[in-house]
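Presented below is the structure to which this report refers.
Just so it is clear, none of the values below were taken in a lab; they were calculated from the coordinates. This is a predicted model, so every value here is computed, not measured. As a convention, Cβ positions derive from the backbone with ideal geometry for all residues, glycine included, and neighbour counts pool all protein chains shown.
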There are 2 protein chains.
Amino acid sequence: MKTGAPPRRPPIRHCRECGAPTAYRVPDDGDTRQRAICSACGTIHYENPLNVVGTLPVLGERVLLCQRNIEPRWGKWTLPAGFMELEETTAQGALRETDEEAGAQVTLGPLFSLLNVPSVGQVHLFYLATLHSDRFNPGHETIEARLFSEDEIPWEQIAFRTVRATLERYFADRRTGHFGVHCIDIV
Amino acid sequence: MKTGAPPRRPPIRHCRECGAPTAYRVPDDGDTRQRAICSACGTIHYENPLNVVGTLPVLGERVLLCQRNIEPRWGKWTLPAGFMELEETTAQGALRETDEEAGAQVTLGPLFSLLNVPSVGQVHLFYLATLHSDRFNPGHETIEARLFSEDEIPWEQIAFRTVRATLERYFADRRTGHFGVHCIDIV
Ligand SMILES: [Zn+2]
Ligand SMILES: [Zn+2]
């Protein structure tokens, strides 16, 4: 989970087209929200939520977690996930992050959780995934990638509430044998 | 469905922080993609996919479509949907767009479709919704909001492939009586 976008976004101070200063006001095109509008060329700058995409990689009874080597939450454990990029699908992004952060090869399963985090303008999407092996090759963002059975999960050391909520639903679903798609608001 | 963001995005030419010119190159922080980086202050500008959120409003056997009063696809029919905004959830955004575009009051149901459109950097999310009545009060983006039974759907006049795919899955699911969550890539 890269830290490219800060949780509270700084205002847009200058126009992306011409560099002149912007001011926040409601455009006169029927819009109802304040946008950063260029004082020189009139370009309207929209700011919208970001998607974070990842996987819940499973090998038998165990799930894969990554210990973060970056801020925020250095040293805490997370599922492999990161910001979705242009020119990829949510599933492709989830696979890419799983490779980048854990060096784990997986077969992607169904969408498992969609978590809204409006306080930071993010939507997190996790897919179930089946690991091909227990050999990992984590990238520079990860201290260690390790498999955990349910009773080994470091619940007090989970990096993000969306990861905790996804893991909780996974183990609950596994007990019932039926895996749904979980839509959760983190407020 | 507002047209705030163009389908092909123009490059970021100037820094949002200081207004100086940017250049596209790969940052030296471990990133692997080209980003617009400020030549003066070094700010890295990330560009990510946008979410479009909407509903599939149902009243008995009929579904609600809106005839677009805006470009692109003026005069074509769509489900109420638009760009997700900051400080709202996907579900709240879907409800907001349903009110803004159709003036329709609904009770939101489950997530029904998640459609990736990587060619334009968008993810579309549609929720099932139950209409409270057949009285609508469409906004300025809509010529007309009208209920259609399955055999009345103007399939050749549907504005977007994501809307068509969602409607197709809905009528197929209705025949089976089981409504799933459909993840679809529009390539
Ligand atoms: Zn400008
Ligand atoms: Zn700058």
Let me have the relative contact order for region B:74-160, percent, based on Cα pairs under 8 Å that are six or more residues apart.
-> 30 percent
Sorted from shortest, what are the nm distances separating the label point of residue A:71 from equivalent points in the other copies, each placed 7 Å from Cα along Cα to C-beta?
-> 4.7
Alpha-carbon Debye profile of chain A, log10 I(q)/I(0) at 0.09, 0.10 Å⁻¹ = -0.39, -0.47
Bin by bin, in steps of 10 Å, what percent of the Cα pairs in the protein assembly as shown do you find, going until the bin that has the longest distance?
-> 5, 22, 30, 25, 14, 3, 0
Between residue B:52 and residues 5 or more places away or on another chain, the pairs with built amide H atoms under 5 Å apart involve B:84, B:123, B:124, B:125
How well do other chains shield peptide B:48-57, expressed as the mean number of their Cβ atoms within 10 Å of each residue Cβ?
-> 4
Between residue B:35 and residues 5 or more places away or on another chain, the pairs with built amide H atoms under 5 Å apart involve B:25, B:26
Averaged over every viewing direction, what's the projected area of the C-alpha convex hull for region A:85-187? Give it in nm², one decimal, please.
-> 7.4 nm²
Rounded Å value of the spacing that divides the Cα centres of region A:25-53 and region A:115-150 = 33 Å
Taking the Cα centre of the protein assembly as shown as the origin, how large is its charge dipole in debye, to the nearest 20, when only Lys and Arg (+1) and Asp and Glu (-1) carry charge on their Cβ atoms?
-> 480 debye
Averaged over peptide B:159-171, how many Cβ atoms belonging to another chain are found within 10 Å of each residue's Cβ?
-> 0
Under a 5 Å amide H to amide H cut-off, with H placed in plane at 1.01 Å, what residues pair with residue A:113 once short-range neighbours are removed?
-> A:126, A:182
Can you give the net charge of the other residues whose Cβ lies under 10 Å from the Cβ of residue B:118, counting K and R as +1 and D and E as -1?
-> -4
Candidates A:176, A:162, A:98; GNM for chain A (alpha-carbon contacts under 10 Å) flags as most fluctuating A:176
What's the local net charge at residue B:26, with K and R +1, D and E -1, over the other residues with C-beta under 9 Å away?
-> +1
At most 12 other Cβ within 10 Å, DSSP loop - GluC sites (Glu not before Pro), region A:114-176 | none
At 222 nm, what helix-only mean residue ellipticity would chain A give, in deg cm²/dmol to the nearest 500, using -39500 (n - 2.57) for each DSSP H run of four or more?
-> -5000 deg cm²/dmol
Using a 10 angstrom cutoff on alpha carbons, build the Gaussian network for chain B and name the most mobile of B:91, B:20, B:165.
-> B:20
All other residues with a Cβ under 12 Å from the Cβ of residue A:62 taken together, and with Lys, Arg as +1 and Asp, Glu as -1, what is their net charge?
-> -3
Within chain A, longest stretch clear of exposed trypsin sites (Lys or Arg not before Pro) (DSSP loop, no more than 10 other Cβ within 10 Å) | A:9-134
What residue among A:125, A:86, A:59 shows peak mean-square fluctuation when chain A is described by a Gaussian network model with Cα springs under 10 Å?
-> A:86
Region B:1-148, relative contact order in percent, only Cα pairs under 8 angstrom and at least six apart counted | 24 percent
